[in-house]
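The values are calculated or read from the model by the stated rules, or taken from the named source; none is laboratory data. Here the structure is a predicted model, which means the values were calculated and not measured. Here Cβ is always computed from backbone atoms with ideal geometry, including for glycine, and neighbour counts include all displayed protein chains. Surface accessibility is based on the protein's heavy atoms, side chains included, excluding ligands, DNA and RNA. Shrake-Rupley method; radii C 1.70, N 1.55, O 1.52, S 1.80 Å.
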2 protein chains.
Amino acid sequence: MPHENFFQTPGGELAGKGLGAGQAVFDAGEVAAAGWRILEGEVSLPVAVLRDSALAHNLDWMRRFMAAYGVELAPHGKTTMSPELFAMQLDAGAWGITLATAPQVHDAYRHGVRRVLMANQLVDRANMAIISGLLADPEFEFCCLVDSAANAQALGTFFAGRGQRLRLLLEIGVAGGRTGVRDQAQAREVTQAIARWPQSLALVGVETYEGVLKDEAGIRALLRRTVATLQALRENGALAEPVSLLSGAGSAWYDVVAEEFAETAKDPGVRVLLRPGCYLTHDAGAYREADARIHAANPVARSMAEGLRPALQLWACVQSRPEPGRAIVGLGKRDAAFDAGLPLPALHYRAGDDAPRDAPAHWRLGAMMDQHAFLELAGDDDLQVGDLLCFDISHPCLTFDKWRHLLRVDDAWRVTGAVRTFF
Amino acid sequence: MPHENFFQTPGGELAGKGLGAGQAVFDAGEVAAAGWRILEGEVSLPVAVLRDSALAHNLDWMRRFMAAYGVELAPHGKTTMSPELFAMQLDAGAWGITLATAPQVHDAYRHGVRRVLMANQLVDRANMAIISGLLADPEFEFCCLVDSAANAQALGTFFAGRGQRLRLLLEIGVAGGRTGVRDQAQAREVTQAIARWPQSLALVGVETYEGVLKDEAGIRALLRRTVATLQALRENGALAEPVSLLSGAGSAWYDVVAEEFAETAKDPGVRVLLRPGCYLTHDAGAYREADARIHAANPVARSMAEGLRPALQLWACVQSRPEPGRAIVGLGKRDAAFDAGLPLPALHYRAGDDAPRDAPAHWRLGAMMDQHAFLELAGDDDLQVGDLLCFDISHPCLTFDKWRHLLRVDDAWRVTGAVRTFF
C-alpha cells in the first residue's frame, strides 16, 4: 500500500476533491507554495475557486459602504463557514461574525472568532450546552434571538442551572414570515418572560430579518417597527446594558436597512449591526440582481462606481460530446448550488490557448444531475472533450457547503492558497 | 481559552453539527461509548441518523436479491461517501464500490477500498494523475468508462507516459441521454482508438446507465443493446481479459437490469456488476416510489415480502410557533435534500413522553430556507417550541453530503456509533 504515507498528516490538512494531484493530503501552506496552474491541468476538476482580486474588492467595498452609514458589519458566516474568510472579514473591520446554529458558533470559536451574533433561536438542550461551554470563556461575546415566552422560560431555567447569563435580542417578525414576534402583545409576553430571569437572561437589543419580504415598502415598515420597538424597550428600562444592539439585513436589502437604521446609529447608546454574508463572494445570479437594484437606488453604492464582483467560480472539464448540441460536463449537484439557477458558463479554455475566451452567450446548462451537467450549445460550436469551462454561480451558500476547501487564485488562475470550510 | 484542549485530537475525529454537547471533538469510539439519547436532548439538533435495524435489513435484502439473479453488487459510493458504510457493504458481500470521480476513488482507496468501478469518464490531467498514483498499488483493481475516441486518445497518451495500463468499459448511451455512445459507428470509433494503445489501454467490458430513461420498454431496449454490444466485442476479440465486465443499474431500475442481465451472468466469461447506491439507506420519497414498482413487478422482490426500509432520518427542534398554522423548525437546505421533495414529518416527541408519536398526516413542510423549515399545521394542533420532530427524507445523496458524520441509532433513538463522510 504505497500511498498510506500520504494519508497521515497533522491538523489543518486538506484532502479530497479540487486539489492538485501530486500527493493526497496537503496543508494550506503547501497549497500556497505549490502554485498550481488550473489552466495547465494541475488541479483536479471540478474545483471551486475564489478570486483574490474580487475578494479584496468586495471586502473594501462593504467596509466603505458600512462606514458611510455609521453602522457595523457582522457578516453572516453561515454562507462560507470558513475560518480563513472569517479572519479576512474581521481584518477588514467587521465587528464580529453572525452565525445560525450552536455548532456553527462552536466551529467559529474553535478557529478564533470571539464575538458572535447568533441570528437564530437557541432551543434544544444540547445546543444550549454547547453555548454554555463557550460562555465559560469570559473573552467570548455572544447573543442570540428570542421570540417566545416558552423559549425564554427554557433558556432562563437552563442558564440559571449553569450560573450563567445569556444575552438576548428580541426578534421582530411579520405575519406570514419566518421567526419573530408578530405584534406588541407577543413582544410583551416575551420580554415579561425574560424579566423573570434577571440573573440568567439579559435582553440587550432587537433584531429583524427583512429578507422574508419581497417589497421595499413592507421592508421599510418592518424596519421602522423594529427601531420603534428598540426605543420603547429602552424607554421602559427593559434593556440590560448601557449600549443596546439593533440588527438587521441579509444580503439583498442591506442598503435599505442601512438607510433606515442610520439615524439610530448616531445614538451612542445603540450599536447597529448589519449581517449580509454573500457580499464577500457575491455571485452572477440572485445577488447580481440584488446588486443592480442597490446600485440603481442607493446613493452610497452609486458613488462607488463599481458594485460587488463575483469571486466564487467553478472550473470543470468537458467529459463527453455525445450529440452535436450537447456536451456533458463533470460538474453536478454535489459541486454547485442549483436552487437559485444553475451555474452559468463564463469562460472556455483549450490546452494551448493563450488565455480563456468568454463562453458564447448561447451556452447554457439545461440540467444538472449529482455529478454531471448538461450543456446546451449549437451543433457546430467548437467544444471538445477535455476542454475546460469556468462557471459563475448563483447562491454562494449552497455552493460553499459542497466543498471542504476552496482554492484561492490570481487573475491568471494560478493557485495562491486555500481556505477551509466547516459545515 | 478553556476549550482549546478539546480541539486537537488525532485522526478519525468528529466535530461540528449533530453531535453530543459534552465536549467538542470526538472520535468514533467515543461516540459509540457515549450512548447519547436523542430523545433526552443529548445530541445537538438537527442531527442526521442511520437506523441500525434498517441498515441491516437493507444490506441483507439486496444481498439476497443479487444472489437470486446471479449478479454482483458494486454499490454506488457517491451516495454516502462513507468508509464505514463502504465496509458494511463489502462485508455484506459487495464485489467492490462504484464511484463517480477520481477524488472519490482516492478517498475510498485511502480508507481501504481496493476494488473500484468508476462509472464515469476520466478526463482531466490531474484526475488521470490521481488514478495513476493509485494504480501503482498492484492490489488496486480499477476500471472506468470511455465514450469518445478523443478521450481514449488522451488516456492512451497519458498512461503510456506512466508505463501503466488503464482498464476501460465502453459506455452505451441513448440519444437525448447523458454520456455513452449513441450508435455502432460511435462505438467503433472508440474501440478503434482504444486498440491503438494496446500497452496502455485495456477494454474489459461494457457499461450503461439506464436511469436517464423513464420508461421500462426503452430501458429494456437499452439493456439489450448493451448486452449485444458486449457479445459482439467478445466475438471480435476486442476485449483484453478472459472475464469481461457487464455493468448497469442505478437505484430505481436495478430489478429490470437484473432480469435483463441474468442470462448473460450465467456465462463464466462475464461478470455482471449492478450499481444501486441508495438501497442502503433508501428513503420515503423518490426511492419509496421506485420500491413500490419493484415490489409489484419483480418476482424475487415479491418473494421477500418486505421491501427496503428508510434508514436515514433527521431529528430537529421546533424553534418558533409565531402563528397558529405555522411552526418554524431548525432544519434547512444546509441539512437535507430538497431537490426531490422536502423532508417529511414522521414523528413528534415532547420531553417527558414515553415514546415518539406518529406525526399527523396533515403536517407538511411548505418551504425550506438555508437553516429553517416552515411546517404547516392546523391552528389547534398541539406543537410547542422545544418539541422534537423526526423527518423522513427524499434523495439520500443530497442529504448525506450535508453531513461530515451521521450517527447510528437503535430503535429507541439511542446512539450506537457514527459514520464519517468524505465529500
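Taking amide H positions as placed in the peptide plane 1.01 Å from N, state which residues far from B:V270 in sequence (5 or more) or on other chains have amide H under 5 Å from it.
B:S244
List, shortest first and in nm to one decimal, how far the label point of A:V243 (7 Å from Cα along Cα→Cβ) is from its counterparts in the other copies.
Here A:V243 shows inter-copy label distances of 7.2 nm.
Would you mind listing how long the stretch A:271-325 runs along its three principal axes, going by Cα atoms, in whole Å with the largest first?
For the stretch A:271-325, the Cα extents along the three principal axes come out at 57, 24, 15 Å.
Calculate the all-directions average of the projected area of the stretch A:123-262's alpha-carbon convex hull, and give it in nm².
8.6
Working with all protein chains in place, sort A:R188, A:R182, A:R309 by solvent-accessible area computed with a 1.4 Å probe, largest first.
From most accessible down to least: A:R188, A:R309, A:R182.
Could you please tell me the mean projected area of the C-alpha convex hull for the stretch A:221-319, averaged over all directions and given in square nanometres to one decimal?
8.9
Points 7 angstrom from Cα along the Cβ direction at A:Q164 and A:E235: gap in nanometres?
3.6
Give the long-range amide H neighbours of B:L331: residues separated by 5 or more places, or on another chain, with amide H under 5 Å away, using H modelled in the peptide plane at 1.01 Å from N.
Under 5 Å from the amide H of B:L331 lie the amide H atoms of B:H372, B:A373, each far enough along the sequence or on another chain.
By the gyration tensor of its Cα atoms, with a ≥ b ≥ c the square roots of the eigenvalues, what is the shape of the stretch B:60-118: rounded for a/c under 1.5, prolate for a/b over b/c, or oblate?
Because a/c hits 1.5 or more and a/b exceeds b/c, the stretch B:60-118 counts as prolate.
Quote to one decimal, in nm, the extra length available between A:Q184 and A:A33 on full extension: 0.36 nm per residue of separation minus the C-alpha distance between them.
Stretched fully, the A:Q184-A:A33 segment lengthens by 48.6 nm.
Between the stretch A:183-259 and the stretch B:78-102, what is the C-alpha centre distance in whole Å?
50
Report Rg(Cα)/(2.2 N^0.38 Å) for the stretch A:291-423, keeping two decimals.
Working it through for the stretch A:291-423, the quotient is 1.16.
Name the most mobile residue of B:P103, B:P324, B:P310, meaning the one with the largest mean-square fluctuation, in a Gaussian network model of chain B with Cα contacts below 10 Å.
In this elastic network of chain B, the residue with the biggest mean-square fluctuation among B:P103, B:P324, B:P310 is B:P324.
Under the √(5λ) rule applied to the eigenvalues of the Cα gyration tensor, what semi-axes describe the equivalent ellipsoid of the stretch A:21-158? Give them in Å, descending.
35, 20, 13
Only Lys, Arg, Asp and Glu count, each charged at its Cβ (+1, +1, -1, -1), so figure out the dipole size of chain B about its Cα centre, rounded to 20 debye.
1220
Lys and Arg at +1, Asp and Glu at -1: add these up for the other residues within a Cβ distance under 15 Å of B:A412 and post the number.
-2
Rounded to the nearest 0.05, what FRET efficiency is calculated for A:S303 and A:R364 with R0 set to 30 Å and r the Cβ-Cβ distance?
0.30
Kindly report, to the nearest 10 Å², the accessible surface of A:E141 as traced by a 1.4 Å probe over protein heavy atoms only.
60
Would you rank B:F26, B:F422 by solvent-accessible area, highest first, keeping every protein chain in place and using a 1.4 Å probe?
B:F422, B:F26
Taking the square root of 5 times each eigenvalue of the Cα gyration tensor, what semi-axes in Å does the equivalent ellipsoid of the stretch A:176-234 have, largest first?
24, 12, 10
So what are the radius of gyration and Dmax for the Cα set of the stretch B:282-359, in Å?
Here Rg and the maximum Cα pair distance are 16.4, 51 Å.
Given the options A:R125, A:R293, A:R225, which has the most mean-square fluctuation in a GNM of chain A, springs set between C-alpha atoms less than 10 angstrom apart?
Ranking A:R125, A:R293, A:R225 by mean-square fluctuation puts A:R125 first.
Take each uninterrupted DSSP H stretch in chain A, measure its Cα extent along the helix axis, and return the ones at 18 Å or beyond whose mean Kyte-Doolittle hydropathy is at least -0.5.
A:52-69, A:149-162, A:216-235
FRET efficiency for B:H111 and A:R64, Cβ-Cβ distance as r, R0 = 41 Å, nearest 0.05?
In this case the efficiency is close to 0.30.
Ignoring ligands, DNA and RNA, what percent of the accessible area of chain A is carbon or sulfur (1.4 Å)?
50
When the Kirkwood hydrodynamic radius is evaluated over all pairs of different C-alpha atoms of the stretch B:106-172, what value in angstrom, to one decimal, is obtained?
In the stretch B:106-172 this quantity evaluates to 12.2 Å.
Running a GNM on chain B with Cα contacts under 10 Å, which residue among B:W363, B:W61, B:W95 ends up with the highest mean-square fluctuation?
B:W363
Given a 1.4 Å probe and the protein chains all in place, what does the accessible area of B:V71 round to, in Å² to the nearest 10?
For B:V71, solvent-accessible area is about 10 Å².
I need two numbers for the protein assembly as shown: Rg to one decimal and Dmax as a whole number, Cα atoms only, in Å.
When restricted to Cα atoms, the protein assembly as shown yields Rg and Dmax of 27.4, 91 Å.
Would you work out the Kirkwood radius for chain B? I mean one over the mean of 1/r across all pairs of different Cα atoms, in Å.
Evaluated over chain B, this radius sits at 23.1 Å.
Distance between the C-alpha centers of the stretch A:402-423 and the stretch A:33-67? Whole Å please.
Cα centroid to Cα centroid, the span is 7 Å.
Strictly over 28 Å apart at the Cα level, which of A:K17/B:K214; A:K17/A:K78; B:K17/B:K78; A:K78/B:K214; B:K17/B:K214; A:K266/B:K17 would you flag in this model?
As for pairs spanning more than 28 Å Cα to Cα, those are A:K17/B:K214; A:K78/B:K214; B:K17/B:K214; A:K266/B:K17.
Once you have the alpha carbon radius of gyration of the stretch A:54-290, what is it after dividing by 2.2 N^0.38 Å, with N set to its residue count?
0.96
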